[in-house]
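Enquirer: Below is a structure I'd like to ask you about.
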Amino acid sequence: MRFKVISVSGILIVLAIWSFVTYGGLVGNLFLPTPTAVVLEARKQIAEGVFFTDIWVSFYRILIGFLLATLFALPIGVMMGTSKTWKAFWEPLVGFVRYMPVVAFIPLSILWFGTSDMQKFFIIFFGVFFQQVIMIADNCKTVKKSVLEVGLTLGLNRFEVIKDIVVKAAMPNIWDTMRTVWGWAWTYLVVAELVAATSGLGFRIMQAQRYLSTETIILGILTIGMLGLITDIIFGLLAKCMFPWNEKEKINN
Amino acid sequence: MNEHLLTAVKINKVFENKQRHFTALKDIGLNIGNHEFVSLLGPSGCGKSTFLRLVAGLDKATSGTMKMNGQTIEKPGRNRGVVFQQYSLLPWLLAWQNVAFALKKEKDMSNTEKKDLAYHFLDLVGLKGFEEIYPSQMSGGMQQRVAIARALVIKPPLLLMDEPFGALDAQTRRDMQDLLVSIFKETRSSVLFVTHDVDEAVYLSDRVYVMSANPGRIAKQIDIHLSDEKDWSIQLSEPFINYKKEILMELKRQKDDMRPSE
């Protein structure tokens, strides 16, 4: 409870400073709108029906892009983390592509996919996949050798050891990786939408720039922040449900 | 003399890389019979755990032959159960599931049968009532009991134990030793037990191999004849103390030999 109060107070302080500089007239409304202006903008967007549509469009893109990336990254990451041969095959490739800035691929992605959802999936996939592979491989490497050997001594073959022991033991850490990378996926989505989109939160922000409608920009940014916070909390709650064994306290007998 | 369950002849193990060449085991030869409790005793670095890993099939010897029931050991197998020093339970499984995990390969056994068997073996190691908790909720002693139950549930003719009580406090350790004595009266499987604790080795074993380091080899073999009705008080008896003296003298001799001659 105490920590919840502390958490909320951090947000309240920022809000207070924002109110102070805007209502106090220290900063012009064009540069930074008042909280009231942002709330009014939100009401307007909700009334027009664009607010939730934008959220849904952006969320849908990120979800699909992220799931596609995870679908491929999980087996490849596990392969890399458990086999020297596969590591030798994937590592140079992944390491090489990983350092290419995703943003630099946006012009090319538009050429290939236009401004369709495919283009967003591509950018998110590209930004997320290679990081996921490397991090999942690392997650698998942290599994204790003795636990693997238990599997071997019980007569499990290599594949069964990986499937029934390595992946399960690494899963809480892999889940944390997902949680971290999900945050990055938001960045890539907004970048993609800023440049080439006809809908979505990034598009709304971009469009607002043309009319110097800063309250729309601030609203968009805050919305993304809120969505990030909500999904982060969901990730945390799901982890508690999926890995109850991580949290239990000792019983003394 | 009963037939040998495990025979090791002239086992050598050399670890090699670019910088160095290290002989971990030199010409190790030993036998383990049916229903025999055999200990490997020695200072750390004498290769006793290395030898156990060879028997388990987790590593390969550089040379020599190692046979179990006449068959050469090439990889891990279910005729050898292993208990590691670090309990190595699977943290996402409940106590009974950890034990039942060992039965994963038993295709013609139903899940209920597996669960019943797991419960039975947890009872055997004194964990009745603790079947439905996670390893993170257990003390070190409890975790090691589960690990022992897991090794026993596949009913291996040979159980390999690598300093299983090394991480436990003195009292828990004594309890676990007595637990082992009572379990083996029941299961009658053979044991290869690795330890650096002299009392433990003498108390539990039918035979103790004292090893020495650099290179790891068997320095002395001591057959132990103590009463079959073991209880803790035996550790104060004269024969027990004599065995202990014999082993300690041997370990001291090794230490003196190691001292630089200058």
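The values are calculated or read from the model by the stated rules, or taken from the named source; none is laboratory data. Quantities reported herein were computed from a predicted structural model and do not represent experimental measurements. A quick note on method: Cβ atoms are made from the backbone with ideal geometry, for glycine too, and the neighbour counts reach across all protein chains shown.
Enquirer: Quick check on my filter: what residues within region B:144-158 are within 11 Å of chain A (Cβ to nearest Cβ) and either among the hydrophobic types (A, V, I, L, M, F, W, C) or farther than 17 Å from B:Asp123 by Cβ (or both)?
Expert: At the first step, the residues of region B:144-158 found to be within 11 Å of chain A (Cβ to nearest Cβ) are B:145, B:147, B:150-151, B:153-154, B:156.
Hits for region B:144-158 are B:Ala147, B:Ala151, B:Val153, B:Ile154, B:Pro156.
Enquirer: In this structure, does A:Ala185 turn out to be part of a helix (DSSP H, G or I) and within 14 Å of chain B (Cβ to nearest Cβ)?
Expert: On the way: part of a helix (DSSP H, G or I): yes; within 14 Å of chain B (Cβ to nearest Cβ): no.
Here the answer is no, as A:Ala185 does not meet what is asked.
Enquirer: So, one more: Within region B:53-81, count every residue that is facing chain A (nearest Cβ under 7 Å) and among the β-branched types (Val, Ile, Thr).
Expert: Going through region B:53-81 one residue at a time, the tally reaches 0.
Enquirer: OK, next. Please tell me if A:Ala169 is among the aliphatic types (A, V, I, L, M), buried (at least 19 other Cβ atoms within 10 Å of the Cβ) and within 14 Å of chain B (Cβ to nearest Cβ).
Expert: Working: among the aliphatic types (A, V, I, L, M): yes; buried (at least 19 other Cβ atoms within 10 Å of the Cβ): yes; within 14 Å of chain B (Cβ to nearest Cβ): yes.
Yes: the conditions hold for A:Ala169.
Enquirer: If you scan region B:104-125, which residues turn out to be within 12 Å of chain A (Cβ to nearest Cβ) and touching a helix residue (DSSP H, G or I) at 6+ places or on another chain (Cβ under 6 Å)?
Expert: Correct list: empty.
Enquirer: Would you confirm, using the coordinates I've provided, whether B:Thr72 is in contact with a Lys or Arg (Cβ under 8 Å, 6 or more places away or on another chain) and either assigned by TED's automatic domain parsing to the domain that holds B:Lys245 or among the polar types (S, T, N, Q) (or both)? Before you say what the answer is, go through the steps one by one.
Expert: Details: in contact with a Lys or Arg (Cβ under 8 Å, 6 or more places away or on another chain): no; either assigned by TED's automatic domain parsing to the domain that holds B:Lys245 or among the polar types (S, T, N, Q) (or both): yes.
No.
Enquirer: Also, I was wondering about something else. Conditions: (1) surrounded by fewer than 20 Cβ atoms within 10 Å (Cβ to Cβ); (2) closer than 26 Å to B:Leu179 by Cα. B:Gly70 meets all but one. Number of the miss?
Expert: Going through (1) surrounded by fewer than 20 Cβ atoms within 10 Å (Cβ to Cβ); (2) closer than 26 Å to B:Leu179 by Cα one by one, B:Gly70 breaks only (2).
Enquirer: Kindly indicate the residue of region B:16-56 that is at pLDDT 90 or above and of a type in the set (Phe, Trp, Tyr) and also surrounded by the most Cβ atoms within 10 Å (Cβ to Cβ) among those meeting that condition.
Expert: B:Phe51
Enquirer: Scan region A:85-102 for residues that are touching a helix residue (DSSP H, G or I) at 6+ places or on another chain (Cβ under 6 Å) and not basic (Lys, Arg) and jot them down. Steps first, please.
Expert: Just the residues of region A:85-102 that are touching a helix residue (DSSP H, G or I) at 6+ places or on another chain (Cβ under 6 Å), to begin with: A:86-87, A:90, A:94, A:97-98, A:102.
Across region A:85-102, the qualifying residues are A:Trp86, A:Trp90, A:Val94, A:Val97, A:Val102.
Enquirer: Right, here's the next one. Among B:Pro76, B:Pro91, which is the only one that is at negative phi and more than 20 Å from the chain's Cα centre (by Cα)? Don't jump to the end; show me each part of the working.
Expert: Numbers: B:Pro76 fails: more than 20 Å from the chain's Cα centre (by Cα).
The match here is B:Pro91.
Enquirer: Out of everything in region B:82-98 that is touching a residue at least 60 places away in the same chain (Cβ under 8 Å) and at the interface with chain A (Cβ under 7 Å from one of its Cβ atoms), what residue ends up being nearest to B:Met66 (Cα to Cα)?
Expert: Checking each candidate, the answer is B:Val82.
Enquirer: Would you point out the residue of region B:164-176, among those that are assigned to a loop (DSSP other than H, G, I, E, B) and surrounded by fewer than 22 Cβ atoms within 10 Å (Cβ to Cβ), that is nearest to the chain's Cα centre (by Cα)?
Expert: First, pick out the residues of region B:164-176 that are assigned to a loop (DSSP other than H, G, I, E, B): B:164-169.
Keeping just the survivors that are surrounded by fewer than 22 Cβ atoms within 10 Å (Cβ to Cβ) gives B:166-169.
Numbers: B:Gly166: 11, B:Ala167: 14, B:Leu168: 15, B:Asp169: 18 Å.
The selected residue is B:Gly166.
Enquirer: Could you check region B:122-151 and list, in sequence order, the residues that are more than 21 Å from B:Gln171 (Cβ to Cβ), out of contact with any Phe, Trp or Tyr (no Cβ under 9 Å at 6 or more places or on another chain) and buried (at least 22 other Cβ atoms within 10 Å of the Cβ)?
Expert: B:Ala151
Enquirer: Sticking with this structure for a sec: Do we find a residue being touching a helix residue (DSSP H, G or I) at 6+ places or on another chain (Cβ under 9 Å), surrounded by fewer than 24 Cβ atoms within 10 Å (Cβ to Cβ) and over 23 Å from A:Gly155 (Cβ atoms) anywhere in region B:152-162?
Expert: Within region B:152-162, none of the residues are touching a helix residue (DSSP H, G or I) at 6+ places or on another chain (Cβ under 9 Å), surrounded by fewer than 24 Cβ atoms within 10 Å (Cβ to Cβ) and over 23 Å from A:Gly155 (Cβ atoms).
Enquirer: Among B:Arg150, B:Arg217, which is of a type in the set (Lys, Arg) and not assigned by TED's automatic domain parsing to the domain that holds B:Leu54?
Expert: Details: B:Arg217 fails: not assigned by TED's automatic domain parsing to the domain that holds B:Leu54.
Answer to the check: B:Arg150.
Enquirer: Return the total of residues in region B:203-225 being touching a residue at least 24 places away in the same chain (Cβ under 8 Å), more than 30 Å from B:Glu16 (Cβ to Cβ) and outside any helix (DSSP H, G or I).
Expert: Summing the residues that are touching a residue at least 24 places away in the same chain (Cβ under 8 Å), more than 30 Å from B:Glu16 (Cβ to Cβ) and outside any helix (DSSP H, G or I) in region B:203-225 gives 5.
Enquirer: Quick one: which of B:Phe101, B:Phe130 is in contact with an Asp or Glu (Cβ under 9 Å, 6 or more places away or on another chain), within 12 Å of chain A (Cβ to nearest Cβ) and at pLDDT 90 or above? Can you show your working first?
Expert: Working: B:Phe130 fails: in contact with an Asp or Glu (Cβ under 9 Å, 6 or more places away or on another chain).
Exactly one of B:Phe101, B:Phe130 is in contact with an Asp or Glu (Cβ under 9 Å, 6 or more places away or on another chain), within 12 Å of chain A (Cβ to nearest Cβ) and at pLDDT 90 or above, namely B:Phe101.
Enquirer: State whether one or more residues within region A:60-67 are free of Cβ contacts under 8 Å to residues at least 24 places away in the same chain, over 24 Å from A:Ile205 (Cα atoms) and out of contact with any Cys (no Cβ under 9 Å at 6 or more places or on another chain).
Expert: The answer is yes; a qualifying residue exists.
Enquirer: Read through the list (1) over 19 Å from B:Glu132 (Cα atoms); (2) assigned to a helix (DSSP H, G or I); (3) without any contact (Cβ under 8 Å) to a residue 60 or more places away in the chain, then give the number of the only condition that B:Ser49 fails.
Expert: (3)
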